[in-house]
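I have placed the structure first, in the form of structure tokens, so that the comments after it can refer back to it.
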Amino acid sequence: MLAYLLRRVAGFVPLLLGITLISFLVIHMAPGSPVELMTDMNPEAGPEIRQRLEERYGLDQPYHVQYWMWLKRIATGDFGRSLSSDARPVIDKIKEALPVTLLLNVLSLFLVISLAIPIGIYSATHPYTPADRATTVFVFLGFAMPTFWLALLCMLLFGVVLGWLPISGLKSLDYETLSWSGKLADRAAHLLMPVTISAITSLAGLSRYMRSSMLEVVRQDYITTARAKGLSERAVIYGHAARNALLPVITILGLSIPGLIGGSVIFETIFAIPGMGRLFYTSVLMRDYPTVMGILVIGAVLTLLGNLLADVMYTVADPRLRKR
Amino acid sequence: MNGLLSVENLQTEFHTEEGRAVAVDGVSFTIAEGSSTALVGESGCGKSVTAMSIMRLIQSPPGYIRGGRVMFDGRDLLSLGEAEMRAVRGNDIAMIFQEPMTSLNPVLTIGYQIAEALRVHRSLGKREAWEAAVRMLELVEIPDPAERVATYPHQLSGGMRQRVMIAMALSCDPRLLIADEPTTALDVTIQAQILELMEALREKTGMALLLITHDLGVVAEHCEQVLVMYAGRVVEQGAVADVFAAPAHPYTRGLLRSLPRLGGSGKRLATIPGMVPPLDRLPSGCRFRDRCESAEAACAASDPQLQECGSGRTMACPLWCELGSLAATESRP
């Protein structure tokens, strides 16, 4: 197992190089440069200043030299400084935004799993009943509804009309003065709406997937064997069928891990959440090359690790994949 | 005859988009304590549905048991509640299936799967049940049972898996074992081993056996009573020796004639012409008449019922009843 893991991780190196090279070229070849954005609106900035800025950021060099310089820095763990006006280290900006997005998305994923899997199992064990059809309609409504629209409606209802929940941000103004339990409650109140809404919109995929996987499994011979043994329906469904039906779902979960760090621009903008989606969006607009590259590198690494984790989970869950 | 299991006028039907299909239409038979009975017939004649109906494992919808009684040990299984029926399944009546490759759950160890029945029916603790599972593997002659008990199905061959199925079925000392074509999916040498094992275990435990098969050689070697099914009905029933010596129903004779024989003349193997008709397109009168070589005009008029026909034999063909019983008496030494 350890040898397998090491081999896989070693395989990541060329992959990462490829990913960073392509991202580097795409973002640098995009029209507009940070220097233009900084100087275009400034009447005092002449061609000299531009040239000095370009030299300072190394933008006057050819792409391959720039990439090589960036690679040498990144190899030492230095993500560089942001080109935006605050000029803070890129790593600090990511460190601020990543936990926010991660918290939101992990909570949302947990909610999705804990709802979608029971819904899928129920639908599959009661196929074509009114309850199955009702859940189908519900999950597809969630799927079809635009996130921003649902979010606005919920903010209006729970935030403005009923006044139960805060409508934006992650903490109240008086957050620092609260006790630790007050802080927790405040955080929970702020997270409740974004987490629930993002879960509702992604419920359909997983629950439908679980349903079809389960329908497939309950037709298998070993389910008949389990029933012939005299097991209760509960033991048959949860002990024998669900474990098999979950195997393909693991793949879906593995694929959703990169999404956990991505964050959604629209979503974070509506709820005024300072997450990765907004950081990436503003960085791209600013042509803030170091920040964009930093986010992409961390994203790529986490994606590859997510895939690896999914493969490992697979071998844990399915004995047929274990080496004898 | 008051037996261990007595199926009376069992009727099972399936509702499909094309309509109703009666897969088992008034089947009756009795299995005596400790006896072995074979249920034979072509594919699609209702053998497996009969077995699944006895276990009440017919998937519903689309299948429904519409009538009849399944008396087991004085109780009608069809009238039991679901929980009472669960206490019978795997405990009093156990079942093994055709496909050992797919009949075991791939993500659970074989030990867990054997122990499960013991934990449900015998309320054994985890460790006791596990130890009992090891003993069961030993009983079905699996080498290194203490190690094999922790393996997964994919690590075993087809024959070994069928042994595991047998171990699982026998773990709670059932009084009746229903084996639905247990050797069809295995290669010939393994088939013989599995059948011998089942025979030996039957003698050891005194359980009754209902063996579903289309291998008449297996029937001759391992069973006492034989039931021949055709298109959802039992068409002939009797002691294996009698039926094989003097098959009465034209269908049974056709089945026996289509067996290859040692020292045969080298001619083409005899077959029964045609195929089992679809259940929604059965001919009027006798269901076998389309394929029967001795069909007469009268066969289309009335649906022949099972009738006494010689000692302990019943058969559903009025034309051959007398001839059959005659031949039976003649063939006896």
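Going through (1) aromatic (Phe, Trp, Tyr); (2) within 14 Å of chain B (Cβ to nearest Cβ); (3) in contact with a Ser or Thr (Cβ under 9 Å, 6 or more places away or on another chain) one by one, residue A:289 falls short only on (2).
Pairing each residue of region B:172-185 that is under 26 Å from residue B:128 (Cα atoms) and without any contact (Cβ under 8 Å) to a residue 40 or more places away in the chain with any residue that is of a type outside the set (Phe, Trp, Tyr) and open to solvent by 10 Å² or more (accessible area, probe 1.4 Å), provided the two are 6+ apart or on different chains, yields C-beta distances under 9 Å for B:173/B:91; B:173/B:205. Filtered by the rule that a residue be part of a helix (DSSP H, G or I) and open to solvent by 20 Å² or more (accessible area, probe 1.4 Å), region B:206-232 gives B:217, B:220, B:221, B:222. If you go through region B:51-66 and keep only what is away from chain A (no Cβ under 13 Å) and exposed (fewer than 15 other Cβ atoms within 10 Å of the Cβ), you end up with just B:66. Put simply, of A:173, A:206, A:184, A:192 the only residue that is under 20 Å from residue A:111 (Cβ atoms) and surrounded by fewer than 14 Cβ atoms within 10 Å (Cβ to Cβ) is A:184.
Counting just the residues of region B:132-164 that are open to solvent by less than 50 Å² (accessible area, probe 1.4 Å) and among the polar types (S, T, N, Q), which one comes out farthest from residue B:101 (Cα to Cα)? Filtering first and then ranking leaves B:151.
Scanning region A:104-143 for residues that are under 20 Å from the mean Cα position of the chain (by Cα) and open to solvent by 40 Å² or more (accessible area, probe 1.4 Å) gives A:106, A:107, A:109, A:110, A:111, A:113, A:114, A:115, A:143. When residue A:185 is tested against (1) free of Cβ contacts under 8 Å to residues at least 12 places away in the same chain; (2) part of a helix (DSSP H, G or I); (3) small (Gly, Ala, Ser); (4) under 25 Å from residue B:180 (Cβ atoms), exactly one condition is not met: (4). Considering only residues in region B:69-90 that are within 7 Å of chain A (Cβ to nearest Cβ) and open to solvent by 30 Å² or more (accessible area, probe 1.4 Å), the one that is farthest from residue A:242 (Cα to Cα) turns out to be B:87. Scanning region B:165-200 for residues that are away from chain A (no Cβ under 13 Å), among the polar types (S, T, N, Q) and either in a strand (DSSP E or B) or surrounded by 18 or more Cβ atoms within 10 Å (Cβ to Cβ) (or both) returns B:183, B:191.
Residues in region A:188-222 that are in contact with a Gly (Cβ under 9 Å, 6 or more places away or on another chain), in a helix (DSSP H, G or I) and of a type in the set (Gly, Ala, Ser): A:199, A:204, A:207, A:212, A:213.
Given the residues B:79, B:48, B:35, B:43, which is the only one that is without any contact (Cβ under 8 Å) to a residue 24 or more places away in the chain and among the hydroxyl-bearing types (Ser, Thr, Tyr)? Walk me through how you get there before you give the answer.
Details: B:48 fails: without any contact (Cβ under 8 Å) to a residue 24 or more places away in the chain; B:35 fails: without any contact (Cβ under 8 Å) to a residue 24 or more places away in the chain; B:43 fails: without any contact (Cβ under 8 Å) to a residue 24 or more places away in the chain.
Going through B:79, B:48, B:35, B:43 in turn, just one is without any contact (Cβ under 8 Å) to a residue 24 or more places away in the chain and among the hydroxyl-bearing types (Ser, Thr, Tyr): B:79.
Among the numbered conditions (1) modelled with pLDDT under 80; (2) under 22 Å from residue A:84 (Cα atoms), the only one that residue A:29 does not meet is (1).
Which residues, counting only those in region B:97-119, are in contact with an Asp or Glu (Cβ under 7 Å, 6 or more places away or on another chain) and open to solvent by less than 20 Å² (accessible area, probe 1.4 Å)? Within region B:97-119, B:103, B:107 meet the criteria.
Condition check for residue A:278 on (1) crowded, with 22+ Cβ neighbours inside 10 Å; (2) touching a residue at least 60 places away in the same chain (Cβ under 8 Å); (3) not polar (S, T, N, Q): one failure, at (1). Scanning region B:111-125 for residues that are of a type outside the set (Val, Ile, Thr) and in a helix (DSSP H, G or I) turns up B:111, B:112, B:113, B:115, B:116, B:117, B:118, B:119, B:121. Taking region A:210-264 as the range and being surrounded by fewer than 20 Cβ atoms within 10 Å (Cβ to Cβ), within 35 Å of the chain's Cα centre (by Cα) and charged (D, E, K, R) as the test, the residues that pass are A:216, A:219, A:234, A:243. Every listed requirement among (1) surrounded by 19 or more Cβ atoms within 10 Å (Cβ to Cβ); (2) hydrophobic (A, V, I, L, M, F, W, C); (3) more than 26 Å from residue B:34 (Cα to Cα); (4) more than 10 Å from chain A (Cβ to nearest Cβ) is met by residue B:124 save one, (1). For residue A:41, the conditions (1) closer than 29 Å to residue A:274 by Cα; (2) open to solvent by less than 30 Å² (accessible area, probe 1.4 Å); (3) more than 31 Å from the chain's Cα centre (by Cα) are fulfilled apart from (2). The set of residues in region A:302-323 that are closer than 28 Å to residue A:27 by Cα and either within 14 Å of another protein chain (Cβ to nearest Cβ) or surrounded by fewer than 16 Cβ atoms within 10 Å (Cβ to Cβ) (or both) contains only A:305. Hey, does region B:30-50 have a residue that's closer than 30 Å to residue B:155 by Cβ and open to solvent by less than 50 Å² (accessible area, probe 1.4 Å)? Checked region B:30-50: at least one residue is closer than 30 Å to residue B:155 by Cβ and open to solvent by less than 50 Å² (accessible area, probe 1.4 Å).
Scanning region B:91-121 for residues that are farther than 21 Å from residue A:241 by Cα and more than 8 Å from chain A (Cβ to nearest Cβ) yields B:92, B:93. Here is the figure for region A:46-72: residues that are under 26 Å from the mean Cα position of the chain (by Cα) and loosely packed, with under 12 Cβ neighbours inside 10 Å total 0.
Every test in (1) closer than 21 Å to residue A:304 by Cα; (2) buried (at least 17 other Cβ atoms within 10 Å of the Cβ); (3) free of Cβ contacts under 8 Å to residues at least 24 places away in the same chain is passed by residue A:75 save one, and that test is (2).
Taking region B:149-164 as the search range and keeping residues that are farther than 23 Å from residue A:230 by Cβ and part of a helix (DSSP H, G or I), which one is farthest from the other protein chains (Cβ to nearest Cβ)? The residue in question is B:159. Within region B:135-148, which residues are more than 14 Å from every other protein chain (Cβ to nearest Cβ) and under 23 Å from residue A:223 (Cα atoms)? Result: B:137, B:140.
Listed by first and then second residue, the pairs with beta-carbon distance under 7 Å, at least 6 apart or on different chains, first residue in region B:85-102 and more than 12 Å from residue B:164 (Cα to Cα), second among the acidic types (Asp, Glu) and in a strand (DSSP E or B), are B:95/B:180; B:98/B:180.
The values are calculated or read from the model by the stated rules, or taken from the named source; none is laboratory data. What you see is a predicted model; the values in this text were computed from it and never measured. We place every Cβ from the backbone using ideal geometry, glycine too, and count neighbours over all the protein chains shown. Keep in mind that these areas ignore ligands, DNA and RNA; they rest on the heavy atoms of the full protein, side chains included. Shrake-Rupley method; radii C 1.70, N 1.55, O 1.52, S 1.80 Å.
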